[in-house]
Structures are given as C-alpha cells and as structure tokens.
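One structure is given below, encoded as structure tokens.
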There are 2 protein chains.
Amino acid sequence: MGKKNALYAQSGGVTAVINASACGVIEACRQHKDKIGTLYAGQNGILGILQEQLIDTSKELTSAITALKHTPGGAFGSCRYKMKDIKDSQAEYERLIAVFRAHNIGYFFYNGGGDSADTCLKVSQISAQLGYPVQAIHIPKTIDNDLPFTDCSPGFGSVAKYVAVSTKEASLDIASMAASSTKIFVLEVMGRHAGWIAAAGGLAAEEAGDAPHIIVFPEIPFNREQFIAKVSATVKEKGYCVVVASEGASYADGGLISGSVNKDAFGHQQLGGVAPALASMVKHSLGYKYHYALADYLQRSARHIASKTDVEQAYAVGQAAVEKAIEGKGAIMITIERGTGKKYSWSLGEAPLAKVANVEKKMPRSFISKDGFGITQKARDYLQPLIAGEDYPPYKDGMPVYPRLKKILAPKKLDTDFDC
Amino acid sequence: MGKKNALYAQSGGVTAVINASACGVIEACRQHKDKIGTLYAGQNGILGILQEQLIDTSKELTSAITALKHTPGGAFGSCRYKMKDIKDSQAEYERLIAVFRAHNIGYFFYNGGGDSADTCLKVSQISAQLGYPVQAIHIPKTIDNDLPFTDCSPGFGSVAKYVAVSTKEASLDIASMAASSTKIFVLEVMGRHAGWIAAAGGLAAEEAGDAPHIIVFPEIPFNREQFIAKVSATVKEKGYCVVVASEGASYADGGLISGSVNKDAFGHQQLGGVAPALASMVKHSLGYKYHYALADYLQRSARHIASKTDVEQAYAVGQAAVEKAIEGKGAIMITIERGTGKKYSWSLGEAPLAKVANVEKKMPRSFISKDGFGITQKARDYLQPLIAGEDYPPYKDGMPVYPRLKKILAPKKLDTDFDC
C-alpha cells in the first residue's frame, strides 16, 4: 500500500505566525520522506480541499519554505467556512473523504482555532465511518487565545506584543501633548468574547499608575458612570488618560458599546466602533479632546514586531503535529504546556480533540483588577513571557522581505466539481 | 558678559524621532561647554517657556540623554500653541524675552513644523527689537513632510516606513482571506493637506498591480464613481482591494470625505473618519465585506519600526543647529539636502526663516499616477531612501526600553506668573 500523502490547511483569521506553523509542518514532512509522501496544502483552507485545489508543497524552494517562518498572513490562503454537523452536511464530508482518497491522503493537519478543531474532529470521525481512516491533527492558532488545554495559542503572543508596544508608544505621544492638546487616547483591539488581547495592553505599564490607565474588557459589564469617573480622576492626576478597549466590550444587558453589528459566515458578530463610542462619551461628559486608533488587521499581521517566543512555539506545534502523526496518533490537538518553575519554560503536549472542540477558554477573573479596569500581577506573570524576545524579518531597501510561493496546484483526479 | 545659556523646545505633534533631535542638541551643547552655558528645555514647549518652567538638561544622566535617540514622543513635552502676530500678542513676546533675559538665554532652538518656524522667526525679530538679541534656530520636524527648502522633514521617514510596512503586512492578511471573507481593507493615515504619508503606503507594492491598489490623496479631488469603479475592477482581477486613504481627502467642492470636523488651537481642522466612510461606500455600492484600520498616533510614535535614515537625520539637524549657533548664525532653519548622485546621499544646509515661515510644500502632481490613485516611479525614487534602514530600540522582557528623564526645573527668577 506504500506511503500515505499528507494535507495541511489554514483556517480562520490569519496571524503573524501561522506561516511559521506551516514551515514547521513542511520542514518536518521533508525530514520524514521515508514515512510521508507528498505534502499538499489546501488552497484557501478547507474550501480549496472541497474544490480539489491542492497546492503541491514539494514544488516550493527550500529557501521559500524557510522564509515562511518570518512571513505574516496565510501563505496558502485561509477561509472563514464552518463545516456544519455531519447530518446537515453529509455531502460535504463525503466530498472531503473523496478528495483524501483520490490523493492518497493519510494525514490531515488543520491549523486554526476552535471552529477548525471541531471540523478536524469531524473529519477524523467521518473518515473512520466511511472506511477511509485519516489521522487528523489540529495545530492550534488563534490570536484570541481562547483554545482550551493549551497554555497559550500561537498567534496570541505576537498580537499581545504589538498591542503592548503600541500602547506604550502612543502613551508617550499623548503624554507629551496633553498639557495643551489631546487628553484621551483610546486604542481599540480585537477579542470577541475574551479580553486576552486587551489585557496585553496592560504590559505597557511599568509602574502602578502608568498608562494604560483603563482597560475595557468584554468580561466586565461596562458601566458608563464608573468609566467616566475613572477617566476624570486619571486626567486630574496624570493630565491625560490612555484606554485600551476590546471590540467585544458590552453593557450588563449584553448590548455592545459599539453601535453597528454584522455577522460573519460562522455566525460570529463582526464588531467595531468601541473606540469612537468611548471617546465620544468622554467628549460629551468631560469635554476633553480625544484621539483614537483602530488597529484592526495591523495587529494580527504585524510580523515586524512578532514575539520570538510566539514564533518558536508556532513553528514547534507544526513540527510536532507531523511527529505525532508518524507515531500513529490522530484526533488530537497539539498543546503548549508551561513549566512549573519560576523562570518561564514550555514544552509540547497533546489533548484529545473530542474534549477541545467548541470549548472556549475565558480569561480568569483573577487576571482582572478589582475595579474591572486593569490587570493583576497574576495576569502580568502569565502574559509577559509570551511577548518575550524579538524575531525580526530580513529587510531590503527599508522593507521586510516577504517572498511569495509558487503555489502550483496538483492535477485534479476527481471527475466532479463541488459547489460550496 | 560670559557664556550665554541655550534653550530648546519641542513644538506641535510629536514624532518617533523628535527626541533624536533633542539628543543631537544636548550632546552638541555638552561638547561645546566652552561656548554654551546651561542648556534648558521648555516644559511642554513654548507654553513652559512663557510660564518660566525650564527643565535643566544638565541634571540628566549621559545614558538618559543617549537613550533619547531611541525614545518616541516628546521627552520634554510639546504643545499645540500658536503665537499670534506680534501686534496682537505683544505681551506674550515681551514675556518670552523677559524669560530669556532672566536666564541669560542667547540661543533658542525650536524643534517643530511650519507654525513653529514662524514663531522662531518672530522670536528672532522681537528679540532684536527689544534690545536682547537671541540666535533663534529652527530644527525641522514634521511627519507631514510639508516644510519647504528641505528635501524631507525628520519624522516623516519613520511614519512612511510604518505605513509602508503596515500596508504590506495587512495586504498579506487580506489576500489570505479574500476568497471567503473580507474583500476591502482601508488604512486611514495622517496628512492634513499633503499626501506624503499616504503616498508612502505605495512603497508596499513591489510590482505593478500589488497592494495597495488605491491611494486616496488630499491633492486629488475625490470622485466616488471612479473610486467605486476602481475597487470593483480590482476585486474582479485580484480578488481583493487594499486602499490607503489620507485623512484630509476631500471632494472637488472642498467637502471632506470624512464626516465630522473639529478645529484645534492652530485653527487646523481635526479630521478622522475617511476609512469608515470609504468602506461604507463600497459596502453600499458593491456589497463587499470590509475592514478598516485607523493608525492615528500609532503611526507617528512607532519608534520600534523607525527608519534608520530618519533617526540619523533627526539627530544631525539637532547637532547642526548648535554648531550653526556657535558660528554666530540665527533666524535660519536647518535643512536636509539630497545629493545629486544615483545612490542616495544627504548633507545639511540652512534656509533663512523669513523664507520658510508659513510656506507649505505640496506633493508634486508628477508623484501621483495619471488616474490619481497611485504613485509614480518618481515618487518611489524620492520616498524609498527615506525609509531605508532599521534602528531598533533595546528591549527588556519583550518591551522596548524607553527611559524617563528627571526633568528638574530651574529655579524661577521672575516675580510674575503668566497666563497663556
């Protein structure tokens, strides 16, 4: 029967380091050519797999694969496409298995967040049911840091570093100008339901009382009066006030602080507009001149200021997925485990996908200060190692060098096309 | 009569490298202790001078002064405060001279943009009229790059690099997701009247057709139909469209694309909201899912991704101001002159303040492509050297080390306070 081929795919919102995981997968497969045949990558994630658009990674130069480690975005394309339950979407799962069978795929490496962990589990289950067993391994990735069983999720550390550094730099700016100009600066950051990213802004403060003075978490029901009182007190004491606000922050009744709400393909709300809403509250209540920034995609693509720890972990989880597959494992997610010593250390482990899928890790209340507007020492101790170290991309003529792949598609083997 | 003291002040919006200029001034003064006495710095710019709040820079450690070269924001504080005409504001100018006289100030180094060049000239004139001549030298600084007679303005190169790098990184992000998700990304950048910063976004493109696909300049009257047509054609061809938009972009009748408009102390309009306005136009006309980012203060404080060329020029103009003062010069601005060779080179020169004040350098039309939505090779040739080189700050525990100054005020010598 011979060697099986492997298939890698990226899923959901991309990060500054998801390609480092891809690099780990590809380099590990190349090191194990005796056990794994060709490694394909789904073009635009699972959508490309359904449409039998498989990129043949063996056609890519070694140097281009190495460069993935420092290139942001999703080099093979990602997608927002949630597979439904098996009973509602039998045809889709059967099509997946047909593609796997046609290309002799024995290993499936799915690189994503909570939704793709769920898909990865279903692929594992359906492949067994349909008599074509596939070792499906989930490679964790999410800037939201909300995957369970892993100490952190690759992608988060680099967003955290971007937000902490940006908060610090913008704070120095506003501190210089506050005497005669802007007194309030609000930085809006990502994080739908969990405040991990907003919490990272707190790392900008070296001493108590340093900026950011207020963090608005999705975990804490927003109280306008308390917020305005804290802004007012901070401006009186410090001369200015820096706020880091999570896009998902909401009132006690669940109403979002931001006005407009759309939904994406996963049924997730697409948010935005917390920063202008907060700034305008302050302007109306206190009259202060404000500025606000909306980092949006800049925060999750900022490879130029990636965390070295994050890059190393992203690479390692990709590599480990291949090694576990060779050991015969499947239906697992690779996890990052924190050492128990005082000095930060980490190693890799695994968790059964059946337990991972659709579980969301919330930020513990003990990470948020009593007044709900800051982070505790416990949070700092958790967050700080994740942003440690710099890992700069190479530059040419002042710009980072982010090479392109050839992305040559493997010839199709199935007779039919498939509409998603 | 002995040595005269010197006074340095920062004015207007701060930059990632204005402290490098401060470092140049302070280190040069320390090298010329035989000719220049104590160097003071106005706390919060000229406001602090009027209130006789003079920071004694001789109290700062050598290491803290060296660190200014890599620290963003305005270390001594800046202000938005435009001195009026001499006839409307005689008392203010007399107060300035009184402070200068009380502290034996013979050299005034004013670090700012067009408005502060004007103030610097007036200080020079009034000091002569009042019989207390001061050598007033203007040190150029503005992210807007709109000062005349100088090839570029310190502060611009670093914003340009931030915008170019951010545009490139966000473009890789959206390119990965466009098949099933966001198709339009708009990055809003600063630049009230001149599109220099927006133009820098164009450096993200390596080849024709690369992102950014559209740049919206304040110099080109905005035409909604042409914009929508270009977005539509780009999405059809590339699958997505990246837009860099200047905050000051407006319609042919002068109406801003952004909705709300406030005015700052200089009478300048305070803008914002071009990105959501453009994104929403696209959504309404073409139905595409969009994202937008508003870099705001992040762009001008991003010392972590500063241009090495910019840092070196910022330091050099500060140093040169002191050297010109020692040569007996005044009422000048230090300029940066570009060499005529094919390889980029620069040297320093000077321009009489009488010619500089209140002249705004616009971006030449020849820098903008015929269709008004891109930059030309001429623009690339001008811009590229200004973002060249990286100059990373030192890091500790994952964060850049941006030390604080002691900022010890010199004892007041005047009997009276002064209300600004």
Kindly list, by first and then second residue, each pair from a residue in the range B:394-420 that is in a loop (DSSP other than H, G, I, E, B) to a residue that is among the hydroxyl-bearing types (Ser, Thr, Tyr) and modelled with pLDDT under 95, limited to pairs with Cβ atoms under 9 Å and residues at least 6 apart or on different chains. B:420/A:180; B:420/B:81
Testing residue B:358 on (1) exposed (fewer than 12 other Cβ atoms within 10 Å of the Cβ); (2) within 14 Å of chain A (Cβ to nearest Cβ), one condition comes back false. Which one is that? (2)
Screening B:146, B:118 for residues that are part of a helix (DSSP H, G or I) and either among the acidic types (Asp, Glu) or within 14 Å of another protein chain (Cβ to nearest Cβ) (or both) leaves only B:118
Could you please let me know if residue B:100 is more than 14 Å from every other protein chain (Cβ to nearest Cβ), in contact (Cβ under 8 Å) with a residue 40 or more places away in the chain and part of a helix (DSSP H, G or I)? yes
Out of A:411, A:364, I need the residue that is under 30 Å from residue A:223 (Cβ atoms) and outside the structural domain of residue A:56 (by TED's automatic domain parsing). Which one? A:364
State yes or no: is residue B:350 touching a residue at least 60 places away in the same chain (Cβ under 8 Å), among the acidic types (Asp, Glu) and either assigned by TED's automatic domain parsing to the domain that holds residue B:94 or outside any strand (DSSP E or B) (or both)? no
Residues in the range A:382-393: is at least one exposed (fewer than 14 other Cβ atoms within 10 Å of the Cβ) and at pLDDT 95 or above? no
One residue is enough: does the range B:123-137 have a residue meeting the conditions surrounded by fewer than 24 Cβ atoms within 10 Å (Cβ to Cβ) and under 15 Å from residue B:21 (Cβ atoms)? no
Odd one out for residue B:380, checked against (1) of a type in the set (D, E, K, R); (2) outside the structural domain of residue B:216 (by TED's automatic domain parsing); (3) touching a residue at least 40 places away in the same chain (Cβ under 8 Å): (2)
Would you confirm whether or not the range A:384-396 contains a residue that is within 21 Å of residue A:243 (Cα to Cα) and within 14 Å of chain B (Cβ to nearest Cβ)? yes
Per the list (1) of a type outside the set (Val, Ile, Thr); (2) in contact with a Gly (Cβ under 8 Å, 6 or more places away or on another chain); (3) part of a strand (DSSP E or B), residue check on residue B:21 breaks on (3)
Among A:293, A:316, the single one that is assigned to a strand (DSSP E or B) and under 22 Å from the mean Cα position of the chain (by Cα) is A:293
Of all residues in the range A:158-172, which are more than 11 Å from chain B (Cβ to nearest Cβ) and basic (Lys, Arg)? none
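What number of residues within the range B:27-61 satisfy the criterion of being in contact with a Gly (Cβ under 6 Å, 6 or more places away or on another chain) and part of a strand (DSSP E or B)?
So the answer is 1.
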Select, from B:5, B:104, B:19, the only residue that is at pLDDT 95 or above, under 27 Å from the mean Cα position of the chain (by Cα) and not aliphatic (A, V, I, L, M). B:19
Quick check on residue A:155: is it touching an Asp or Glu at 6+ places or on another chain (Cβ under 8 Å), surrounded by 22 or more Cβ atoms within 10 Å (Cβ to Cβ) and within 14 Å of chain B (Cβ to nearest Cβ)? yes
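The values are calculated or read from the model by the stated rules, or taken from the named source; none is laboratory data. Owing to the predicted nature of the structure, the values given are computational and were not obtained by experimental measurement. Positions of Cβ are backbone-derived with ideal geometry, glycine not excepted, and every protein chain shown enters the neighbour counts.
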